[in-house]
Amino acid sequence: MKLLRRAQFGNPILREKAEAIALGKISSAEIQELIASMRHTLIKKKLGIGLAAPQVGRRVALAVIAIRPTALRPKIEPFDLVIINPEITERIGRKKALWEGCISSGAGGKAGLFAQVPRYRQVKVKYYDETGKLRHKTFKDLPARVIQHEVDHLNGILFVDKVKDPKTYMTYAEYKKRISNKMV
């Protein structure tokens, strides 16, 4: 396991479509080490709650999600997920705009830019887990939002592409001062 360097906005890999991982390769040492290093980078550095392989310079369809309680979300249940070759098969309900950032949008890997992004509250997803088992599952609330964000990364789409109201853009410092302090 090692800490991985994160690609920043402007790096061409973030705009490329990730390649599917062959089923026989999921259990390979290379992919298992990548998963472990992505998880380690995400949790150890406390960067955010999701990390897609293109964000660490790998053009493969893999994302790691690690949601933990924070000062802003003290009652959130810990949630861990690895999604390989994910496909959102159904979007349920209406979109709702909520605050979102991206660890590729700021210096040092911290989210430097925030805006309101409309996303579905629930999604059905077909994906392979880290053992290579095919899964079909419905996710809602924060996990659904993070999955949509990470699947976008795997398709070369950044959260800034989804912002409908450009007046909601703000830096991390402003977000922390104006928005996150009101959420606690």
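The values are calculated or read from the model by the stated rules, or taken from the named source; none is laboratory data. Treat the numbers as computed from the prediction; the structure is a model and nothing was measured. Cβ atoms come from the backbone with ideal geometry, glycine included; neighbour counts cover every protein chain shown.
Which condition breaks for TYR120 when tested against (1) in contact with a Lys or Arg (Cβ under 9 Å, 6 or more places away or on another chain); (2) under 20 Å from LYS95 (Cβ atoms); (3) surrounded by fewer than 14 Cβ atoms within 10 Å (Cβ to Cβ); (4) of a type outside the set (Gly, Ala, Ser)?
If we test TYR120 against (1) in contact with a Lys or Arg (Cβ under 9 Å, 6 or more places away or on another chain); (2) under 20 Å from LYS95 (Cβ atoms); (3) surrounded by fewer than 14 Cβ atoms within 10 Å (Cβ to Cβ); (4) of a type outside the set (Gly, Ala, Ser), just (3) comes out false.
Only one residue in ILE43, ILE65, ILE76, ILE31 is in a loop (DSSP other than H, G, I, E, B), in contact (Cβ under 8 Å) with a residue 12 or more places away in the chain, over 18 Å from GLY106 (Cβ atoms) and of a type in the set (A, V, I, L, M). Which one? So that I can check it myself, show each step before the final result.
Values: ILE43 fails: in a loop (DSSP other than H, G, I, E, B); ILE65 fails: in a loop (DSSP other than H, G, I, E, B); ILE31 fails: in a loop (DSSP other than H, G, I, E, B).
Within the list ILE43, ILE65, ILE76, ILE31, the selection yields ILE76.
Out of contact with any Asp or Glu (no Cβ under 9 Å at 6 or more places or on another chain), buried (at least 16 other Cβ atoms within 10 Å of the Cβ) and not in a strand (DSSP E or B), is that true of ILE21?
On the way: out of contact with any Asp or Glu (no Cβ under 9 Å at 6 or more places or on another chain): yes; buried (at least 16 other Cβ atoms within 10 Å of the Cβ): yes; not in a strand (DSSP E or B): yes.
Yes.
Looking at SER37, is it more than 22 Å from ARG145 (Cα to Cα) and in contact with a Leu (Cβ under 6 Å, 6 or more places away or on another chain)?
So SER37 passes the test.
Scan the range 68-81 for residues that are touching a strand residue (DSSP E or B) at 6+ places or on another chain (Cβ under 8 Å) and either buried (at least 19 other Cβ atoms within 10 Å of the Cβ) or hydroxyl-bearing (Ser, Thr, Tyr) (or both) and jot them down.
Matches in the range 68-81: LEU81 only.
Quick check on this structure: which one of PRO54, PRO86 is crowded, with 19+ Cβ neighbours inside 10 Å, part of a strand (DSSP E or B) and at pLDDT 95 or above?
From the options PRO54, PRO86, the qualifying one is PRO86.
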